[in-house]
Structure formats: structure tokens, C-alpha cells
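Novice: Here it is, the structure, as C-alpha cells.
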Amino acid sequence: MIVGFFTAAVAAYIAVRFLSRWFATRTPTPFAVYCLVAGAAGAVHFA
């Protein structure tokens, strides 16, 4: 569990750092499209 905890913490830190830089220099349009597609896929799958 400790290894999983630290792996998740490092992955979250890297993801937040990447997204912070991404949104500071670019628009959030690709992320919005991803959210719409993932949400629609989830709605279809779990409906």
C-alpha cells in the first residue's frame, strides 16, 4: 500500500504540474472535448 500511495502521489503531482502549464499557455478546448467524449461514453456504458 505504501508503494501504491507514493506512486499515486507522484503521478498526481506530475499531472497537476503538466496541466497547470498546459492551461497557462493554451486553451482548455482539448480537455473540454475529452470530458464531453468521456462523459458521453460513460453515460452510454452505464445507462
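Novice: Mind checking the per residue accessible area of the chain for me, 1.4 Å probe, whole number of Å²?
Specialist: Details: 4270 Å² over 47 residues.
About 91 Å² of surface per residue is accessible.
Novice: Once both labels are modelled 7 Å past Cα along the beta-carbon direction, what's the A41-T7 spacing in nm?
Specialist: Label-label distance for A41 and T7, simple model: 2.2 nm.
Novice: Rounded to two decimal places and with Rh computed the Kirkwood way over Cα pairs, what is Rg over Rh for the chain?
Specialist: Values: Rg = 14.7 Å, Rh = 12.8 Å.
Radius of gyration over Kirkwood radius for the chain works out to 1.15.
Novice: At a 1.4 Å probe radius, carbon and sulfur cover how many percent of the accessible area of the chain?
Specialist: 79
The values are calculated or read from the model by the stated rules, or taken from the named source; none is laboratory data. Everything quoted here is computed from the prediction, not taken from an experiment. Cβ coordinates were reconstructed from backbone atoms using ideal geometry, including for glycine residues, and neighbour counts include every protein chain displayed. For the accessible areas, the whole protein counts, side chains as well, though only heavy atoms, and no ligand, DNA or RNA atoms are used. Shrake-Rupley method; radii C 1.70, N 1.55, O 1.52, S 1.80 Å.
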